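Inspection log for the structure reproduced underneath, given as C-alpha coordinates.
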Amino acid sequence: MEVPLEDQESLGVGLKPGDAHYRAYVGPPEDYDLIAAMAFNLLTTLGLRQHHSLLDVGCGSLRIGRLLIPYLNRRKYFGVEPNEWLVQEGIKRELGEALLEIKGPTFFFSDSPETIAQAKVSFDFVLAQSIFSHCGLDLIKNWLSAISNSLSGDGALIATFLPGEEDAPTKGWVYPECVNYRPATMRQAAAEAGLRFELLDWKHPRQTWALFAAPKFDSGWFKNKPLTWNAGLTKALAKAANVSSAAPAASADFSHAEGHVYDQDGLRSIHNHEFMDDPDFRKAYERGVRAAGDDYRWHWRVHIGLWAAACAARLEGDFVECGVNRGFLSSAIMDYLNWDSLGKHFYLLDTFRGLDERFVSSADKASGAVEKNRKSLASGFYVQGIEEVRANFSQWRNVSLIEGSIPETLPQVRAEKIAYVHLDMNCSAPEIAAIQFFWERLVPDAFVLLDDYAYYGYLSQKIAMDQFAQEKGIKILSLPTGQGLLVKPVDSR
(Lines give C-alpha, C1' and ligand atoms only; values in the text may rest on other atoms or scores of the structure.)
Protein backbone atom coordinates (compact mmCIF):
# COMPACT_ATOMS: atom_id res chain seq x y z
CA MET A 1 0.00 0.00 0.00
CA GLU A 2 1.41 3.35 -1.04
CA VAL A 3 2.21 5.83 1.73
CA PRO A 4 0.37 9.18 1.33
CA LEU A 5 2.56 12.11 0.29
CA GLU A 6 2.01 13.99 3.56
CA ASP A 7 3.06 10.91 5.53
CA GLN A 8 6.12 10.46 3.33
CA GLU A 9 7.22 13.97 4.18
CA SER A 10 6.67 13.53 7.92
CA LEU A 11 8.53 10.20 7.85
CA GLY A 12 11.41 11.60 5.81
CA VAL A 13 10.89 9.15 2.96
CA GLY A 14 13.33 9.80 0.11
CA LEU A 15 15.84 11.76 2.20
CA LYS A 16 19.49 10.75 2.55
CA PRO A 17 21.22 9.64 5.78
CA GLY A 18 22.46 12.73 7.59
CA ASP A 19 19.79 15.06 6.19
CA ALA A 20 18.26 17.49 8.68
CA HIS A 21 15.17 15.43 9.45
CA TYR A 22 14.81 13.55 12.73
CA ARG A 23 14.41 10.19 10.97
CA ALA A 24 16.86 10.76 8.12
CA TYR A 25 19.62 12.18 10.31
CA VAL A 26 20.16 8.79 12.02
CA GLY A 27 20.15 6.65 8.85
CA PRO A 28 18.00 5.67 5.87
CA PRO A 29 14.42 6.71 6.78
CA GLU A 30 13.04 3.61 5.05
CA ASP A 31 14.82 1.45 7.66
CA TYR A 32 13.69 3.45 10.70
CA ASP A 33 11.08 0.92 11.82
CA LEU A 34 13.11 -2.12 10.72
CA ILE A 35 16.18 -1.16 12.77
CA ALA A 36 13.99 -0.56 15.81
CA ALA A 37 12.28 -3.95 15.58
CA MET A 38 15.54 -5.76 14.84
CA ALA A 39 17.37 -4.26 17.83
CA PHE A 40 14.48 -4.66 20.26
CA ASN A 41 14.04 -8.31 19.35
CA LEU A 42 17.77 -8.97 19.67
CA LEU A 43 17.94 -7.40 23.12
CA THR A 44 14.95 -9.33 24.47
CA THR A 45 16.25 -12.56 22.94
CA LEU A 46 19.56 -12.05 24.74
CA GLY A 47 17.71 -11.61 28.02
CA LEU A 48 16.59 -7.98 28.37
CA ARG A 49 13.63 -7.73 30.76
CA GLN A 50 11.64 -4.80 32.10
CA HIS A 51 13.57 -4.56 35.40
CA HIS A 52 16.95 -4.22 33.68
CA SER A 53 18.79 -0.93 33.26
CA LEU A 54 19.80 -0.08 29.70
CA LEU A 55 22.05 2.54 28.13
CA ASP A 56 21.29 3.55 24.53
CA VAL A 57 24.50 5.03 23.06
CA GLY A 58 23.70 7.52 20.33
CA CYS A 59 19.98 7.29 21.09
CA GLY A 60 19.31 9.93 18.43
CA SER A 61 15.63 10.52 17.72
CA LEU A 62 14.64 7.51 19.85
CA ARG A 63 14.39 5.18 16.88
CA ILE A 64 14.85 2.24 19.28
CA GLY A 65 14.15 4.19 22.46
CA ARG A 66 10.48 4.57 21.46
CA LEU A 67 10.17 0.80 21.98
CA LEU A 68 12.53 0.45 24.93
CA ILE A 69 11.21 3.30 27.09
CA PRO A 70 7.61 1.95 27.29
CA TYR A 71 8.93 -1.60 27.84
CA LEU A 72 11.38 -0.89 30.68
CA ASN A 73 10.39 0.01 34.22
CA ARG A 74 10.50 3.63 35.30
CA ARG A 75 13.96 5.26 35.25
CA LYS A 76 15.61 2.20 33.70
CA TYR A 77 16.29 3.74 30.28
CA PHE A 78 19.34 5.97 29.79
CA GLY A 79 20.27 7.62 26.53
CA VAL A 80 23.38 9.54 25.52
CA GLU A 81 23.25 11.78 22.47
CA PRO A 82 25.18 14.93 21.49
CA ASN A 83 22.32 16.36 19.41
CA GLU A 84 19.63 17.46 21.83
CA TRP A 85 17.32 18.52 19.01
CA LEU A 86 17.13 14.90 17.82
CA VAL A 87 15.93 13.65 21.19
CA GLN A 88 13.42 16.47 21.47
CA GLU A 89 12.07 15.65 18.02
CA GLY A 90 11.85 11.98 18.97
CA ILE A 91 9.92 12.82 22.12
CA LYS A 92 7.58 15.13 20.21
CA ARG A 93 6.94 12.89 17.19
CA GLU A 94 7.41 9.33 18.49
CA LEU A 95 7.12 9.13 22.28
CA GLY A 96 4.99 11.91 23.70
CA GLU A 97 5.28 13.98 26.86
CA ALA A 98 2.81 11.80 28.81
CA LEU A 99 4.90 8.65 28.39
CA LEU A 100 8.03 10.66 29.17
CA GLU A 101 6.47 11.63 32.50
CA ILE A 102 5.35 8.09 33.28
CA LYS A 103 8.64 6.33 32.48
CA GLY A 104 11.17 9.00 33.49
CA PRO A 105 14.03 8.20 31.08
CA THR A 106 17.40 9.90 31.64
CA PHE A 107 19.24 11.65 28.81
CA PHE A 108 22.84 12.89 28.65
CA PHE A 109 23.48 15.39 25.87
CA SER A 110 27.16 14.77 25.22
CA ASP A 111 29.58 13.09 22.82
CA SER A 112 31.98 12.09 25.61
CA PRO A 113 32.14 8.43 26.71
CA GLU A 114 33.02 9.55 30.23
CA THR A 115 29.58 11.16 30.53
CA ILE A 116 27.91 7.83 31.25
CA ALA A 117 29.62 7.60 34.66
CA GLN A 118 27.27 10.39 35.78
CA ALA A 119 24.42 7.88 35.74
CA LYS A 120 26.04 6.06 38.70
CA VAL A 121 24.38 2.88 37.43
CA SER A 122 25.72 -0.57 36.65
CA PHE A 123 24.00 -1.16 33.32
CA ASP A 124 22.64 -4.61 32.52
CA PHE A 125 22.59 -3.90 28.79
CA VAL A 126 24.17 -1.27 26.56
CA LEU A 127 23.15 -0.74 22.95
CA ALA A 128 25.37 0.94 20.34
CA GLN A 129 23.63 0.50 16.99
CA SER A 130 25.53 2.10 14.08
CA ILE A 131 27.99 3.88 16.37
CA PHE A 132 31.25 1.95 15.91
CA SER A 133 30.68 2.08 12.14
CA HIS A 134 31.38 5.83 12.37
CA CYS A 135 34.16 5.84 15.00
CA GLY A 136 37.92 5.86 14.82
CA LEU A 137 39.53 3.04 16.79
CA ASP A 138 40.63 5.55 19.42
CA LEU A 139 37.02 6.54 20.08
CA ILE A 140 35.84 2.91 20.05
CA LYS A 141 38.38 2.08 22.74
CA ASN A 142 37.27 5.06 24.80
CA TRP A 143 33.66 3.93 24.58
CA LEU A 144 34.55 0.34 25.46
CA SER A 145 36.54 1.45 28.47
CA ALA A 146 33.80 3.75 29.75
CA ILE A 147 31.09 1.16 29.15
CA SER A 148 33.14 -1.58 30.80
CA ASN A 149 33.49 0.61 33.91
CA SER A 150 29.71 1.06 34.07
CA LEU A 151 28.63 -2.47 33.11
CA SER A 152 27.33 -5.00 35.63
CA GLY A 153 29.32 -8.20 36.11
CA ASP A 154 26.82 -10.15 34.01
CA GLY A 155 25.98 -7.32 31.63
CA ALA A 156 26.65 -6.92 27.92
CA LEU A 157 27.15 -4.30 25.23
CA ILE A 158 25.36 -5.11 21.97
CA ALA A 159 26.86 -3.16 19.07
CA THR A 160 27.17 -3.13 15.31
CA PHE A 161 30.25 -2.54 13.19
CA LEU A 162 31.34 -2.94 9.58
CA PRO A 163 33.81 -5.83 9.12
CA GLY A 164 36.66 -5.32 6.68
CA GLU A 165 40.00 -6.84 5.71
CA GLU A 166 41.88 -3.76 6.96
CA ASP A 167 41.36 -1.31 9.81
CA ALA A 168 40.31 2.24 9.01
CA PRO A 169 42.98 4.81 9.98
CA THR A 170 40.24 7.24 11.04
CA LYS A 171 40.26 9.00 14.39
CA GLY A 172 37.34 10.46 16.26
CA TRP A 173 33.77 10.61 14.97
CA VAL A 174 32.88 10.55 11.27
CA TYR A 175 29.33 10.71 9.97
CA PRO A 176 27.74 9.92 7.58
CA GLU A 177 31.03 8.40 6.39
CA CYS A 178 31.44 4.73 7.38
CA VAL A 179 34.57 2.88 8.54
CA ASN A 180 35.58 -0.78 8.61
CA TYR A 181 37.52 -2.89 11.11
CA ARG A 182 38.78 -6.43 11.26
CA PRO A 183 36.92 -8.61 13.78
CA ALA A 184 40.32 -9.43 15.33
CA THR A 185 40.85 -5.73 16.00
CA MET A 186 37.48 -5.46 17.71
CA ARG A 187 38.26 -8.54 19.78
CA GLN A 188 41.56 -7.01 20.93
CA ALA A 189 39.88 -3.72 21.80
CA ALA A 190 37.26 -5.62 23.79
CA ALA A 191 39.92 -7.60 25.66
CA GLU A 192 41.75 -4.39 26.61
CA ALA A 193 38.49 -3.23 28.21
CA GLY A 194 38.01 -6.54 30.04
CA LEU A 195 35.17 -7.65 27.77
CA ARG A 196 34.53 -10.84 25.77
CA PHE A 197 33.90 -10.36 22.04
CA GLU A 198 31.61 -12.58 19.98
CA LEU A 199 29.99 -12.11 16.58
CA LEU A 200 26.23 -12.57 16.65
CA ASP A 201 24.21 -14.41 14.05
CA TRP A 202 21.51 -11.73 13.84
CA LYS A 203 20.57 -10.09 10.59
CA HIS A 204 21.24 -6.43 9.84
CA PRO A 205 20.67 -4.63 6.52
CA ARG A 206 24.28 -3.45 6.23
CA GLN A 207 26.31 -4.10 9.39
CA THR A 208 27.26 -6.95 11.73
CA TRP A 209 26.03 -7.39 15.28
CA ALA A 210 28.58 -8.17 17.97
CA LEU A 211 28.50 -8.96 21.66
CA PHE A 212 30.93 -7.29 24.09
CA ALA A 213 30.18 -9.25 27.25
CA ALA A 214 31.18 -8.86 30.88
CA PRO A 215 32.69 -12.01 32.44
CA LYS A 216 29.49 -13.39 33.92
CA PHE A 217 27.22 -12.81 30.92
CA ASP A 218 25.93 -16.18 29.74
CA SER A 219 26.30 -16.69 26.00
CA GLY A 220 26.90 -20.44 26.17
CA TRP A 221 23.27 -21.29 25.39
CA PHE A 222 23.64 -20.08 21.79
CA LYS A 223 27.28 -21.00 21.19
CA ASN A 224 27.42 -22.98 17.92
CA LYS A 225 23.61 -22.84 17.85
CA PRO A 226 21.10 -20.52 16.20
CA LEU A 227 20.37 -17.36 18.18
CA THR A 228 16.57 -17.40 18.17
CA TRP A 229 13.72 -16.15 20.32
CA ASN A 230 12.58 -19.72 20.97
CA ALA A 231 16.01 -20.66 22.32
CA GLY A 232 16.09 -17.50 24.41
CA LEU A 233 12.64 -18.21 25.80
CA THR A 234 13.67 -21.76 26.70
CA LYS A 235 16.63 -20.38 28.63
CA ALA A 236 14.47 -17.77 30.39
CA LEU A 237 11.91 -20.39 31.46
CA ALA A 238 14.64 -22.70 32.71
CA LYS A 239 16.18 -19.85 34.70
CA ALA A 240 12.81 -19.01 36.23
CA ALA A 241 12.38 -22.64 37.29
CA ASN A 242 15.81 -22.69 38.89
CA VAL A 243 15.15 -19.47 40.80
CA SER A 244 12.08 -21.01 42.41
CA SER A 245 14.04 -24.05 43.59
CA ALA A 246 16.42 -24.05 46.53
CA ALA A 247 19.81 -22.59 45.65
CA PRO A 248 23.06 -23.95 47.13
CA ALA A 249 24.91 -21.91 49.72
CA ALA A 250 27.28 -19.35 48.21
CA SER A 251 30.20 -20.84 50.10
CA ALA A 252 29.60 -24.18 48.37
CA ASP A 253 29.13 -22.75 44.91
CA PHE A 254 32.64 -23.13 43.46
CA SER A 255 31.45 -21.71 40.16
CA HIS A 256 34.91 -20.30 39.42
CA ALA A 257 36.84 -23.57 39.42
CA GLU A 258 39.20 -24.84 36.76
CA GLY A 259 37.87 -24.39 33.24
CA HIS A 260 35.59 -21.47 34.05
CA VAL A 261 36.74 -18.44 32.08
CA TYR A 262 37.90 -15.42 34.06
CA ASP A 263 37.80 -12.50 31.64
CA GLN A 264 37.97 -9.01 33.14
CA ASP A 265 40.34 -6.16 33.92
CA GLY A 266 42.59 -7.10 30.98
CA LEU A 267 43.10 -10.70 32.20
CA ARG A 268 41.62 -13.80 30.58
CA SER A 269 42.25 -17.19 32.19
CA ILE A 270 40.73 -20.66 32.47
CA HIS A 271 42.77 -21.42 35.58
CA ASN A 272 41.21 -22.03 38.97
CA HIS A 273 39.93 -18.87 40.62
CA GLU A 274 37.75 -20.30 43.37
CA PHE A 275 38.91 -17.49 45.61
CA MET A 276 35.94 -15.58 44.15
CA ASP A 277 33.63 -18.07 45.87
CA ASP A 278 35.22 -17.68 49.29
CA PRO A 279 32.73 -15.95 51.66
CA ASP A 280 35.47 -13.85 53.30
CA PHE A 281 36.71 -12.69 49.90
CA ARG A 282 33.19 -11.86 48.77
CA LYS A 283 32.50 -9.87 51.90
CA ALA A 284 35.76 -7.93 51.59
CA TYR A 285 35.26 -7.29 47.88
CA GLU A 286 31.75 -6.00 48.46
CA ARG A 287 33.12 -3.65 51.10
CA GLY A 288 35.50 -2.30 48.48
CA VAL A 289 32.64 -1.86 46.02
CA ARG A 290 30.69 0.02 48.68
CA ALA A 291 33.63 2.37 49.20
CA ALA A 292 34.05 3.03 45.48
CA GLY A 293 30.35 3.25 44.72
CA ASP A 294 30.86 0.92 41.77
CA ASP A 295 32.14 -2.54 40.89
CA TYR A 296 35.20 -2.17 38.67
CA ARG A 297 35.49 -5.99 38.33
CA TRP A 298 38.94 -6.05 39.86
CA HIS A 299 38.50 -9.45 41.53
CA TRP A 300 41.90 -10.95 40.79
CA ARG A 301 43.68 -7.65 41.45
CA VAL A 302 41.95 -7.39 44.82
CA HIS A 303 42.76 -11.06 45.51
CA ILE A 304 46.47 -10.23 45.12
CA GLY A 305 46.10 -7.24 47.44
CA LEU A 306 44.29 -9.27 50.11
CA TRP A 307 46.92 -12.00 49.95
CA ALA A 308 49.80 -9.53 50.30
CA ALA A 309 48.07 -7.71 53.15
CA ALA A 310 47.29 -10.97 54.97
CA CYS A 311 50.96 -11.99 54.73
CA ALA A 312 52.08 -8.54 55.91
CA ALA A 313 49.67 -8.67 58.83
CA ARG A 314 51.90 -11.36 60.39
CA LEU A 315 54.88 -8.98 60.36
CA GLU A 316 55.76 -6.16 62.69
CA GLY A 317 54.88 -2.79 61.22
CA ASP A 318 52.09 -0.55 59.93
CA PHE A 319 50.37 -0.27 56.53
CA VAL A 320 50.61 2.55 53.96
CA GLU A 321 48.67 3.25 50.78
CA CYS A 322 49.64 6.07 48.43
CA GLY A 323 46.89 6.70 45.92
CA VAL A 324 43.64 5.91 47.72
CA ASN A 325 40.89 7.53 45.66
CA ARG A 326 37.69 6.33 47.37
CA GLY A 327 39.43 3.41 49.05
CA PHE A 328 38.40 0.30 47.08
CA LEU A 329 41.39 -1.92 47.93
CA SER A 330 42.21 -0.47 51.36
CA SER A 331 38.58 -0.86 52.49
CA ALA A 332 38.56 -4.47 51.28
CA ILE A 333 41.81 -5.14 53.15
CA MET A 334 40.58 -3.64 56.41
CA ASP A 335 37.39 -5.66 56.23
CA TYR A 336 39.29 -8.84 55.32
CA LEU A 337 41.81 -8.49 58.17
CA ASN A 338 39.30 -7.33 60.81
CA TRP A 339 41.46 -4.24 61.07
CA ASP A 340 40.65 -3.10 64.58
CA SER A 341 41.88 -6.43 65.96
CA LEU A 342 45.43 -6.06 64.58
CA GLY A 343 46.69 -3.10 66.56
CA LYS A 344 48.33 -1.66 63.44
CA HIS A 345 47.96 1.78 61.87
CA PHE A 346 46.93 2.41 58.26
CA TYR A 347 48.22 5.60 56.61
CA LEU A 348 46.21 6.62 53.54
CA LEU A 349 47.79 9.34 51.37
CA ASP A 350 46.16 11.06 48.42
CA THR A 351 45.42 14.48 47.01
CA PHE A 352 41.80 13.28 46.91
CA ARG A 353 41.55 15.47 43.82
CA GLY A 354 43.47 13.53 41.16
CA LEU A 355 47.07 14.01 40.06
CA ASP A 356 49.05 17.06 41.06
CA GLU A 357 50.39 17.97 37.63
CA ARG A 358 53.45 19.62 39.19
CA PHE A 359 54.80 16.14 39.86
CA VAL A 360 53.97 14.51 36.53
CA SER A 361 57.17 13.66 34.68
CA SER A 362 57.71 14.29 30.97
CA ALA A 363 57.61 10.52 30.38
CA ASP A 364 54.26 10.27 32.16
CA LYS A 365 52.93 13.21 30.15
CA ALA A 366 54.02 11.49 26.95
CA SER A 367 52.07 8.39 27.98
CA GLY A 368 48.89 10.45 28.45
CA ALA A 369 48.83 10.68 32.25
CA VAL A 370 47.54 14.26 32.29
CA GLU A 371 44.73 13.51 29.83
CA LYS A 372 43.72 10.36 31.76
CA ASN A 373 43.69 12.36 34.97
CA ARG A 374 41.45 15.08 33.57
CA LYS A 375 39.05 12.54 32.09
CA SER A 376 38.88 10.61 35.38
CA LEU A 377 38.09 13.82 37.24
CA ALA A 378 35.46 14.88 34.71
CA SER A 379 33.78 11.47 34.75
CA GLY A 380 33.69 11.26 38.54
CA PHE A 381 35.96 8.21 38.64
CA TYR A 382 38.39 10.22 40.76
CA VAL A 383 37.04 11.57 44.02
CA GLN A 384 37.08 15.36 44.43
CA GLY A 385 37.26 15.98 48.15
CA ILE A 386 38.20 14.05 51.25
CA GLU A 387 34.92 14.13 53.18
CA GLU A 388 33.23 11.12 51.58
CA VAL A 389 36.48 9.16 51.95
CA ARG A 390 36.72 10.11 55.61
CA ALA A 391 33.14 8.93 56.12
CA ASN A 392 33.95 5.62 54.44
CA PHE A 393 36.86 4.87 56.81
CA SER A 394 35.13 6.13 59.95
CA GLN A 395 34.14 2.59 60.97
CA TRP A 396 37.76 1.69 61.78
CA ARG A 397 40.24 2.91 64.38
CA ASN A 398 43.93 3.56 63.76
CA VAL A 399 43.48 5.15 60.34
CA SER A 400 45.13 8.38 59.18
CA LEU A 401 43.94 10.10 56.01
CA ILE A 402 46.69 12.42 54.80
CA GLU A 403 45.51 14.92 52.22
CA GLY A 404 47.97 16.53 49.81
CA SER A 405 50.58 15.78 47.20
CA ILE A 406 53.42 13.30 47.45
CA PRO A 407 56.32 13.85 48.14
CA GLU A 408 55.23 16.86 50.21
CA THR A 409 53.06 14.83 52.61
CA LEU A 410 55.38 11.86 53.15
CA PRO A 411 56.87 13.20 56.44
CA GLN A 412 53.38 13.00 57.98
CA VAL A 413 53.70 9.21 58.05
CA ARG A 414 55.03 8.65 61.59
CA ALA A 415 55.47 4.89 61.37
CA GLU A 416 59.00 3.71 62.16
CA LYS A 417 58.29 0.19 60.90
CA ILE A 418 56.18 -0.64 57.86
CA ALA A 419 55.00 -4.09 56.73
CA TYR A 420 52.87 -3.22 53.70
CA VAL A 421 52.94 -0.46 51.08
CA HIS A 422 50.55 -0.10 48.16
CA LEU A 423 51.44 2.44 45.45
CA ASP A 424 48.73 3.49 42.99
CA MET A 425 49.37 7.07 41.89
CA ASN A 426 49.28 6.61 38.11
CA CYS A 427 52.53 8.51 37.55
CA SER A 428 56.15 7.68 38.27
CA ALA A 429 57.68 10.59 40.20
CA PRO A 430 55.48 10.40 43.33
CA GLU A 431 55.74 6.61 43.38
CA ILE A 432 59.54 6.67 43.25
CA ALA A 433 59.60 9.37 45.93
CA ALA A 434 57.34 7.22 48.13
CA ILE A 435 59.29 3.98 47.81
CA GLN A 436 62.58 5.80 48.41
CA PHE A 437 61.12 7.46 51.52
CA PHE A 438 59.71 4.25 52.98
CA TRP A 439 62.43 1.79 51.97
CA GLU A 440 64.52 2.04 55.12
CA ARG A 441 61.39 1.76 57.27
CA LEU A 442 60.23 -1.43 55.58
CA VAL A 443 60.79 -4.42 57.85
CA PRO A 444 62.43 -7.55 56.40
CA ASP A 445 59.95 -9.48 54.23
CA ALA A 446 57.67 -6.42 53.94
CA PHE A 447 55.39 -6.33 50.91
CA VAL A 448 55.28 -3.56 48.31
CA LEU A 449 52.40 -3.83 45.83
CA LEU A 450 52.59 -1.70 42.68
CA ASP A 451 49.16 -1.29 41.11
CA ASP A 452 50.26 0.01 37.69
CA TYR A 453 53.63 -1.73 37.25
CA ALA A 454 52.68 -3.95 34.29
CA TYR A 455 49.38 -2.31 33.41
CA TYR A 456 48.84 -1.40 29.77
CA GLY A 457 49.56 2.28 29.14
CA TYR A 458 51.76 2.84 32.22
CA LEU A 459 55.18 1.87 30.88
CA SER A 460 56.90 4.96 32.31
CA GLN A 461 56.11 3.75 35.83
CA LYS A 462 57.52 0.31 35.14
CA ILE A 463 60.74 1.77 33.78
CA ALA A 464 61.17 4.00 36.84
CA MET A 465 60.47 1.16 39.26
CA ASP A 466 62.81 -1.21 37.44
CA GLN A 467 65.60 1.34 37.78
CA PHE A 468 64.92 1.65 41.52
CA ALA A 469 64.91 -2.14 41.92
CA GLN A 470 68.18 -2.46 40.02
CA GLU A 471 69.80 0.09 42.33
CA LYS A 472 68.67 -1.98 45.31
CA GLY A 473 69.73 -5.27 43.76
CA ILE A 474 66.23 -6.74 43.83
CA LYS A 475 63.66 -7.98 41.32
CA ILE A 476 60.01 -7.03 40.88
CA LEU A 477 57.51 -9.79 40.13
CA SER A 478 55.38 -8.80 37.14
CA LEU A 479 51.81 -10.06 37.50
CA PRO A 480 49.21 -10.69 34.75
CA THR A 481 46.80 -8.48 36.68
CA GLY A 482 48.99 -5.51 35.69
CA GLN A 483 50.41 -5.24 39.20
CA GLY A 484 53.98 -5.63 40.37
CA LEU A 485 55.06 -7.20 43.65
CA LEU A 486 58.30 -7.04 45.58
CA VAL A 487 59.26 -8.36 48.98
CA LYS A 488 62.05 -6.59 50.80
CA PRO A 489 64.95 -9.01 51.30
CA VAL A 490 66.36 -9.49 54.77
CA ASP A 491 69.79 -8.32 53.65
CA SER A 492 68.59 -5.45 51.43
CA ARG A 493 70.75 -2.35 51.32
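Looking only at segment 329-340, decide whether some residue is in a loop (DSSP other than H, G, I, E, B) and farther than 24 Å from residue 215 by Cβ.
Yes, segment 329-340 contains at least one residue that is in a loop (DSSP other than H, G, I, E, B) and farther than 24 Å from residue 215 by Cβ.
Before we move on, is residue 469 surrounded by fewer than 20 Cβ atoms within 10 Å (Cβ to Cβ) and modelled with pLDDT of 95 or more?
Spelling it out, residue 469 is indeed surrounded by fewer than 20 Cβ atoms within 10 Å (Cβ to Cβ) and modelled with pLDDT of 95 or more.
Give 65, 96, 47, 90 a once-over and let me know the one that is open to solvent by 10 Å² or more (accessible area, probe 1.4 Å) and touching a residue at least 40 places away in the same chain (Cβ under 8 Å).
Matching residue, one of 65, 96, 47, 90: 47.
Scanning for something open to solvent by less than 10 Å² (accessible area, probe 1.4 Å) and either aliphatic (A, V, I, L, M) or touching a residue at least 24 places away in the same chain (Cβ under 8 Å) (or both), does segment 175-183 turn up at least one residue?
The answer is yes; a qualifying residue exists.
Here is a list of conditions, (1) touching a residue at least 40 places away in the same chain (Cβ under 8 Å); (2) outside any strand (DSSP E or B); (3) in contact with a strand residue (DSSP E or B) (Cβ under 8 Å, 6 or more places away or on another chain); (4) within 27 Å of residue 269 (Cα to Cα), and residue 490 meets all of them except one; can you say which number that is?
All conditions pass for residue 490, except number (4).
Name the single residue, out of those in segment 432-449 being out of contact with any Phe, Trp or Tyr (no Cβ under 9 Å at 6 or more places or on another chain) and closer than 15 Å to residue 349 by Cα, that is surrounded by the fewest Cβ atoms within 10 Å (Cβ to Cβ).
In this case the residue turns out to be 437.
Which one is farthest from residue 363 (Cα to Cα), of the residues in segment 450-466 that are over 26 Å from the mean Cα position of the chain (by Cα) and surrounded by 18 or more Cβ atoms within 10 Å (Cβ to Cβ)?
Per the criteria, the residue is 465.
Search segment 105-121 for residues that are at positive phi and in a loop (DSSP other than H, G, I, E, B) and pair each with any residue that is surrounded by fewer than 19 Cβ atoms within 10 Å (Cβ to Cβ) and among the small types (Gly, Ala, Ser) when their beta-carbon atoms are under 8 Å apart and the residues are at least 6 apart or on different chains.
120/293; 120/380
Go through (1) free of Cβ contacts under 8 Å to residues at least 24 places away in the same chain; (2) part of a loop (DSSP other than H, G, I, E, B) one by one and return the number of the condition residue 206 breaks.
(1)
Wholly within segment 363-456, which helices (runs of 4 or more DSSP H) include no fewer than the required count, namely at least 3 residues that are more than 25 Å from residue 115 (Cβ to Cβ), of a type in the set (A, V, I, L, M, F, W, C) and touching a residue at least 60 places away in the same chain (Cβ under 8 Å)?
By residue number, 428-438.
Hey, could you check segment 419-431 for residues that are open to solvent by 20 Å² or more (accessible area, probe 1.4 Å) and not aliphatic (A, V, I, L, M) and say which is nearest to residue 477 (Cα to Cα)?
424
Under 19 Å from the mean Cα position of the chain (by Cα) and farther than 23 Å from residue 345 by Cβ - does that describe any residue in segment 252-259?
no
For residue 217, state whether it is open to solvent by 10 Å² or more (accessible area, probe 1.4 Å) and part of a loop (DSSP other than H, G, I, E, B).
Judged against the criteria, residue 217 is a match.
For segment 472-492, what are the residues that are touching a helix residue (DSSP H, G or I) at 6+ places or on another chain (Cβ under 9 Å), farther than 14 Å from residue 435 by Cβ and open to solvent by 20 Å² or more (accessible area, probe 1.4 Å)?
475, 478, 479, 480, 489
Table: residues versus (1) small (Gly, Ala, Ser); (2) on the phi > 0 side of the Ramachandran plot; (3) modelled with pLDDT under 95.
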residue	(1), (2), (3)
319	no, no, no
324	no, no, no
328	no, no, no
333	no, no, no
338	no, yes, no
352	no, yes, no
359	no, no, yes
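I'm trying to understand the selection: among the residues of segment 140-159, which are among the β-branched types (Val, Ile, Thr) and either outside any strand (DSSP E or B) or surrounded by 23 or more Cβ atoms within 10 Å (Cβ to Cβ) (or both)?
140, 147, listed by residue number.
Looking only at segment 460-472, decide whether some residue is touching a Gly at 6+ places or on another chain (Cβ under 8 Å), without any contact (Cβ under 8 Å) to a residue 40 or more places away in the chain and not in a loop (DSSP other than H, G, I, E, B).
The answer is yes; a qualifying residue exists.
The values are calculated or read from the model by the stated rules, or taken from the named source; none is laboratory data. Bear in mind that the values here come from a model prediction, so they are computed numbers and not experimental data. When we count neighbours, we look across all protein chains shown, and the Cβ atoms used for this are built from the backbone with ideal geometry, even at glycine. Surface areas here come from the heavy atoms of the whole protein model, side chains and all, with no ligands, DNA or RNA. Shrake-Rupley method; radii C 1.70, N 1.55, O 1.52, S 1.80 Å.
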